[in-house]
Structures are given as C-alpha cells and as structure tokens.
Ligand SMILES: CC(C)(COP(=O)(O)OP(=O)(O)OC[C@H]1O[C@@H](n2cnc3c(N)ncnc32)[C@H](O)[C@@H]1OP(=O)(O)O)[C@@H](O)C(=O)NCCC(=O)NCCS
Ligand SMILES: CC(C)(COP(=O)(O)OP(=O)(O)OC[C@H]1O[C@@H](n2cnc3c(N)ncnc32)[C@H](O)[C@@H]1OP(=O)(O)O)[C@@H](O)C(=O)NCCC(=O)NCCS
C-alpha cells in the first residue's frame, strides 16, 4: 500500500477494504437513497461519483442524493448530466442540476439545512443505503476524519446501512483536529447542547462509525472545486460601508460593542464582498460563527480582524486554497468545523446572539424576502441556512444590490414572487442605495423606509405609486396590496424583459 | 386594609402604594411605551386599563401597548375604541382593534411571540416606561405572582422603569406555585436553558422585581374575559379522526410511540376542536407543551389522557373557568405556566421534539401557509407562536377547513396572498377532506397530494386546471405558477364574492 495511504488509514483491519473507484461504485444499487459528504463544493467525494457517472452511461442507474449542501461538478454537474439523479436535497448551485430541476427532470427538496438531521433520524430521508464520504484519515480507533466540510456526514454515518470512504490523501494531514463532531441524541432524550461560546469544542475530532459498515475505501487525490465568487466591486464596497456605519450606530446606541456579536455571512459573492469590508475597519477581535467560510473570512484572519471562525465548511478560491491548505497549521487554532446541525442550530444561534448577513434575490416593500425562486417559479440555489440564521439571529440582515440584470430588474418589488423569509424574520435591509432598519416597525412604516432608502432611483417612483394606490384601494389596511398588480412587475419582466413601466406604455 | 388584600400583599413595605385605579392610571404619561401582562385574554390587567379609558375620553392620551398576546376587552376593545392606542404588538384578536389596524388607525407590529423578549433586551421595544401587571399576590420576598398567564411579564418587569401591580384577589390563591419563571441572561452570557422535559421546573414561582419600581398597587376582582371558541362540529371531528389515524400510522412506522411527543395546539376553535378528538382515543399519558391551554386540554386532563400541561396561559370558556379555578388544587400538580420566551423557545421546541398543530387561514398547493392576512391585506389576528412552533417542531401540522364563508372561499389556493409559514416549515396538512403528508417531498409532489387529498370537491378541478397549466407554461419548473393568475382567486372573491370560476364565466 502507498505509504501515504497507510499513514492515513489508522484502523488496520480496514486495509482489505481498499478498492478501486469502479469497484466501490458498483456496490450502490440502482434506486438507492445515497448520502454524500460535501457542503458548498467542499469536502465532497469526487472519484466514486465520477465512477458512478461512468456506470450511469452504461446502465439504467438513478439514485436519490442527499448531501450537506451543494457539491462540486462531479455530482451536481456530471452525475446530473448522466441522468442519474432522481431526487436531490437540500441545496444546489450548479447550473447543470439547476437546469434539470427547472425542467422537471430532477425532484428537488429545498430545506432548512438544520432540519436534515431530524429528518434522517425520523427516516423521512432514508433509509440511506450508502454514505459516500470524503475523509482525510481514519484513525486507529475508527474515527472518520472529514476533510474541508462536515455537513450532514455525522448523521448520515449514524443512519447509513453502508459506508464508502473516499480517502483523500491530497488534503493536508493537519485537517486532523480541525473538526468538532457533536451529534444530539434523539428528541426527548436529548441534553442541552453545551456550547456557550462559538470558540468552544464540545465533541470529538472525527465521526465514530461501526467499522463493519465500511464496505469500501477508495483513495483519491482530487482537490475541492474552488469557489466561483465574484470579487467585491464598488457597489458591494458601498454596501459594506453602509453596514459598518450601521454597526457603529448600534454601538453608540449601546446595543453592540466593538467586538460586535458572532458573525454569520451567507454564501455568494455579495455576502462575501460585504464581509470583506471589515478588513479596513476599526472592528477587532471578531468571531465568525457561520455555515461556510468564504475567502473574506481568511482575509480577515490574516488582517488580524477575526480571532476565531466556526462553520461547517471552507469554500474558497483556488488561490486561497493554496495559501490556506498549504499552511493550515497557521489557521488551525483559529478554526473549527462542526456538523451543520450544530453550526445552524436554532438553539445556538439564539443563545450566542448571532449577527446574520444573507443575500436576497428580491424583497418586497413590506420586508418579505425571496432567496430561492426567480420569478416565483425557477429555483436558483435554495434557502440553505439563511432561514436557520435569519429567524434566530439577534440581527437578521439581508443584503442585495437594488437591481439585477443590468437594471432591467428591481430587487425591490411590490410583492415577492416567492417567500423564504417572512416579514417577521427580516430585521435590516442593505442595498447599495442605503439601509432600512425594520426592527419594531409595522408594515407601512417599513414600506416607506424600504422604498426611500433601498430602492434603485429608476424604480422608486414606480414603487411609491404602487404603494400609494394600494393604501388608497385598501382603506389603509395593515398591508396594502392591489392583488391584480402585486406580481405585475414580474409579468412585465417576462413579457417585456424589464420591470420598468415605460416599456409597457411604449 | 381588606384582609384579603393583606393576605396577598406579603411585602408589607408596599402597603402604602395601594391606590385607586384612577390614581394609578394618572401616573402613565401620554405617549408612553407601556408593557402589559396578559396573553389571549388571560391574566391581563383590567381595572387600570379601564381607568385609562376614562382618561382618554377627557384628555389627549395615546400610548404604545406591548403585551404577551391578545388581551380582553378592556384594552383591545375599550382602550382602542377610545383612540388611545398608537402602536400595538405582538398579537390581537378583538374585532375593535382589528378594525382600527385595518383602517390605518393603529400601527400593528405582528411578531413571533418568542422574539419579543430579545427586542426588549435590545431596547427595540422600549424604553418601557410602565408595566401594568395583574398579580395574584406579591410574596414576602417581593416576588410578583402572575395570574392566569405569564406572557412577557418577566422581561417587561426587568426592563420597565415603573410597575403598576393590579392585585386581583378574585383569582384563586392556589395560583401561587403554578408558575415557573426562568429568564435567560443576555445573549453571549447565556447558559443553555436547562429544561429537558416539559414537566420540569427550572425557575422561581414568581417574578423578582426591585420593589422601588412598584409605583402603585390597585386591587381588582375582575375575572378574565372567557374565551370565545366555537365548540367542535362534525367537520372538526373528522379532522381530529384523520389526525389520530395519522398518528397511528406514525406509530406503526416506528416514528412515534403511544405517548406521542409533547403536543402544542394553537389558538382558535379549530385547533381546540381537533385536540378535543383525543378524548375518545386510545392515546394516553400525553404531555401538552403549548402556548395557550384551551378547553380541550382540561377535558383531556379530566379524561385521564393528558398527564401534564405546560404553557404560558390558560384561556378557557366561562363554564370551564368556574370548574378549573374553583378547584385548581386538583390540577395544580399537572400544570405549569412559563414565560412565553420559554414556552415558545426554539431551543426547547427542537430539543423536546414537539408535535405542533396550528390553524391556517389559507394555504397553497405548494404548502405555503397564510395565518394572518385575509386576502393579503387585512390582518386577522397575527402569527402568534405558530411560527415558533411550526419551524422548530418535530412535526409541524396545519389544520383548516377546506373552505370558508359557506363555501365561497377555498382555503386552498394557487398561491397564498401572504406567507407566514413557508414551504420549508409545513410538514402535514389536514382538512376535513383528508391529509397531505408533505415531509421529504418536492413542490410538485406536494401539489398533487394537497389538491387530491385536502381540497374541497367544489374547487378541486379548478386547482388541477391551474396546476396543470402552470406546469405547462413554465416547462415543468421547480414551482410552477402563472403569475398573471396566481392571485386571481382572491381578486375574483373581491369582485364576485366567490372564488368559484363559474361565477366569473356567468
Ligand atoms: C441569493 C443568491 C442567489 C445571491 O447570490 P450572489 O452570488 O451573492 O449574488 P448575485 O448578485 O451574483 O446573483 C446571482 C444571480 O442571481 C441573479 N439575480 C439577482 N437578483 C435577481 C432577481 N431579483 N431576479 C432575477 N435574478 C436575479 C443575478 O443576476 C445573478 O445571475 P447570474 O448568475 O446569471 O449572473 C445567493 O446568495 C443564494 O443562493 N442565497 C440563498 C441561500 C443562502 O442565503 N444561504 C445563506 C446561508 S449560507
Ligand atoms: C387562523 C385563525 C384565524 C383561525 O381561527 P379559528 O377560530 O380556528 O378558525 P375559524 O375557521 O373560526 O376562522 C376564523 C375566521 O376566519 C375566517 N376565515 C377562515 N379562513 C378564511 C379564508 N381563507 N379567507 C378569509 N376568511 C377566512 C372564518 O370565516 C372566520 O371568520 P368569522 O370570525 O367572521 O366567522 C387562528 O387560528 C389564528 O389567528 N392563527 C394564527 C395564530 C396562531 O396560529 N397561533 C398559534 C400559536 S398559539
């Protein structure tokens, strides 16, 4: 056996399970429910899925795939392309599987990321016949050490009938010790989760499994697919500055200190860019308690701004991968990766008092947020953890540029075409135009702030006009709407490629 | 001093604070933010608010009123009628204040009931100049003993600058010991809430306050306004039977035992009627962990079905008030009343694995639920705790009759006109027509179940027609909708007083 493999395979009785990717892939029955490691392109198995792609090209093969969150191209692009995915949950981001979902070829179950583990416990997700999990090592005492994400792997490992381990020897060995694996017991028999500080460790460094369940071990040297985020631009910089000023005013009001509260920042380019804005700020000793650590977090660690970061995955650009994984020791005492059930747990989000920053696709004048559905019908990515965080955070902030698609679309509409975060869950909205602090406000108070502070100038008058007529038409009711018109901006967009009314009139 | 008052006023230094309702009411400045005890017509102050009504008739007087939930007529009817409420939160139910809210005369901040305490801590609700709290007693060591609800009183008491106690000597003394007051510390300094079982006690029997804050004590003998729920009928009985059968199948599937899990049941006639259905069932040793205890819970205690009930309020009919409060000793060891921050806390709802049953106003074919807004614009009552429970429960069940207003309205529509509970939070739907178990399903799978199993026959074909055309029009996308038509059922209702299409064609 390759020395590097031997070093990573502590539990020697497993040596005879080492097989090729093809052999491992052959184990999985057609029609199976398969759990996979991986969260936002990090820590996913790669070579076994590619062997499944080959299988699917030659035989009738279709499986249900549940993961932590979105995976890299092996599954969400190539396995999808091969027509091998029947059902998928709980989060995606690849254009290939997105297209299939929106063409009705793949069933997609979008779900709060903290909810999956309970569904596995109840057998709603399952029975899971196989878990395919990427590992950095298997220790002598049989702990599976995850790699760059933890995701749902611990709960999958507990409930899966069989496990295929993809032992990735290209990941640095110093990943061992990064993870903190704590799995709550069944509901009703459960103790409080003992975490009272985002920097604390409460579990084990790996996932305890019955070695008999491990049916195959496949060696891999494939790196994670790098993240694809767009770098900050002038507008996201403006949004960051607006947010920093808001935090300053919260400090003045006595509601926050200079350390703020643990920060969660969502997936995507905008949330990353906004977080990046902290680099040149006066804020210090920040703690990140998030779901995904994107580039910005490592920049902030390097800049001495972030003292500790807790999450369930590390999803970074190619350049940063080299830097971080080439020198992980430097970050090791400032990092912890937890199961997503813990990183996203309402119990902890509420207890720790997180500040949560997530990106909206669109939002409406009353503060309802659509994170998932373009024009109410087409899935973008999914709700991910945004609901876990926004609902339970001390401060639930949503950011978005005020417009999309070069200005044809207003991100602020009369009524969102799909609701992921209700008016009850949205505290603060930030666009490049400004900020609306909605806390404690009634719907009509919110509408005025959102339109005046956050909407793009091109759409302000149109929004005001809708709002004023809705107030009139409903006799100034709690939440004025003209139902005939509430979704007309989206209809206009479909017909005329713009939400601007001039075009309709023209 | 009246002997009965003396007996209830343990802390003797407070004797000189006993004043008339008028004197107490005169203390509250115009424009103040006022916290009040009370939750769904239970445990609210009555005589001081009626003195405020008198004041408001004679002078310019308008205040912001925050409570646990809806109050009885003194505040939500008479004080509202007097034009003395500027802003109100977090829940209402009286037609008077509802009318004012929907006429734009009162600002209403509808909010998750578990969120209020954090907003008070942060000063978003506040500064609270006065708390008016109904008490059954003030103990020797200065604990204020609430009456038939706890609601937000503990957090209001902690943050209010001044407190007026309405000492209600008509409430039975045996209320002392019913309450379990536990208030979490500030976020970031907070320990896990130590409750691991709904029957456990973790706090004190009353609310600790600085006696210096108590500016007035007013004696009252007014009973709670009785609840106004409609008794079960044939259809709610059918819904109860459907639900019981569902629980039986869950037991067969190994997901529940005969004791089920702690049950939460929402406000309103329908949820009460459904819970009542347990009386003749084989289920035993049930635990209720709810927000409000309505009539059904006491019937189930009497029937030996419910062994313990935990909530934040007791809201019962006049008849049952006599029975329960006349004989509270009989129930005392089976009852606990907690702050609503605890009864509704996501940490505990998730940990204990509650089964939550709440009522929808309307829901759509993809499983989004509207609990609050009639036709998207007019406030009914508010979201109350339904979001706290549905999101975090082990099983989030929504019940509703399939139709309203004699059949003119379908409770199942293409798209809800307001979203309070998103598709991610709704596990099971029950109408008198049948049940849709949505767990683990993608939107289109849900639509077929909801239409076939839950819709009223009068609307089934119309729903199928919309759905099929939406699938066609969107190329079978994730969540098919025809945005031009999605809200047309509500528009039809406004124009033609029915959602039925025949009328449109006629
Ligand atoms: C909302 C979300 C898609 C934004 O992603 P982003 O990368 O930050 O933002 P972008 O502005 O680049 O938008 C992404 C795409 O959506 C499009 N878009 C943005 N707003 C839009 C709108 N109102 N209507 C239609 N399309 C819109 C953009 O044009 C862009 O399209 P492109 O990929 O074709 O260029 C992303 O944050 C997301 O999936 N959020 C939900 C999950 C979540 O919040 N998780 C957080 C917990 S980790
Ligand atoms: C939804 C809710 C209003 C239902 O109340 P209920 O008493 O069980 O049910 P009812 O069927 O009697 O409905 C109440 C009213 O709403 C009307 N209604 C019901 N469905 C309707 C619909 N789809 N469109 C318009 N009106 C509707 C009924 O006709 C009835 O009107 P009426 O008072 O004029 O007769 C009530 O449960 C609620 O406020 N829920 C939100 C808060 C909550 O769930 N809290 C739970 C945690 S404690």
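Laboratory data are not the source of any read-out in this text; all were calculated from the coordinates shown. This structure is a prediction, so every number in the text was calculated from the model and none was measured. Ideal geometry is used to build each Cβ from the backbone, glycine not excepted, and the neighbour counts take in all protein chains shown.
Side notes on the structure shown:
- The mean number of Cβ atoms from other chains found within 10 Å of a Cβ in peptide B:437-446 is 5, as a whole number.
- Acute angle (nearest 10 degrees) that the helix B:457-473 long axis makes with the longest principal axis of chain B, alpha-carbon atoms: 70
- The label-point distance for residue A:241 and residue B:332, in a model that sets each label 7 Å from Cα toward Cβ, rounds to 6.6 nm.
- Label separation (residue A:221 vs residue A:12): 2.6 nm, computed from points 7 Å beyond Cα along the C-beta direction.
- Rel. contact order, % - alpha carbon contacts under 8 angstrom, at least six apart, segment B:224-311: 28
- Debye equation applied to the C-alpha atoms of chain A, log10 I(q)/I(0) at 0.06, 0.14 Å⁻¹: -0.28, -1.36
- Helix-derived mean residue ellipticity, 222 nm - over the protein assembly as shown, DSSP H n ≥ 4, -39500 (n - 2.57), to 500: -8000 deg cm²/dmol
- Computed from the C-beta positions of residue B:23 and residue A:502 and an R0 of 51 Å, the FRET efficiency is 0.20 to the nearest 0.05.
- Peptides A:33-46, A:475-488, A:127-140 ranked from most to least packed give A:33-46, A:127-140, A:475-488, packing being the mean of other C-beta atoms within 10 angstrom over each peptide's residues.
- Computed from the Cβ-Cβ distance with R0 of 30 Å, the FRET efficiency linking residue A:468 to residue B:484 stands at 0.80.
- Taking every alpha-carbon pair under 8 Å whose residues sit at least 6 apart, chain B reaches a relative contact order of 13 percent.
- Euclidean distance between Cα centres, segment A:240-318 to segment B:445-482, Å: 43
- Extension gain, residue A:57 to residue A:213: 0.36 nm times the residue separation minus the Cα-Cα distance gives 53.4 nm.
- Between 0 and 90°, nearest 10: helix B:47-58 axis offset from chain B longest Cα axis: 90
- Label spacing, shortest first and in nm, from residue B:23 to its equivalents in the remaining copies (7 angstrom along Cα→Cβ): 9.2
- Length-normalised contact order of segment A:28-89 in % [C-alpha pairs under 8 Å, at least 6 apart]: 41
- The C-alpha atoms of chain A define a longest principal axis, and helix A:234-252 lies at about 80 degrees to it.
- Label-to-label distance for residue B:185 and residue A:322 is 4.7 nm, based on points extended 7 Å past Cα in the beta-carbon direction.
- Counting every pair of alpha carbons in segment B:3-220, the share spaced more than 33 Å apart comes to 12 percent.
- More than 59 Å apart - percent of Cα-Cα pairs taken over the protein assembly as shown: 8
- Residue by residue along B:184-191, Cβ atoms of other protein chains within 10 Å of the local Cβ number 5 on average.
- Ranked by how many other beta carbons lie within 10 Å on average, peptides A:339-345, B:453-459 from highest: A:339-345, B:453-459
- Cα principal axis extents for segment A:234-496, largest first, Å: 63, 41, 34
- Once the Cα gyration tensor of segment A:359-455 is diagonalised, semi-axes √(5λ) in Å: 18, 17, 11
- Inter-chain shielding of A:479-491 (mean C-beta neighbours from other protein chains, 10 Å cut-off): 6
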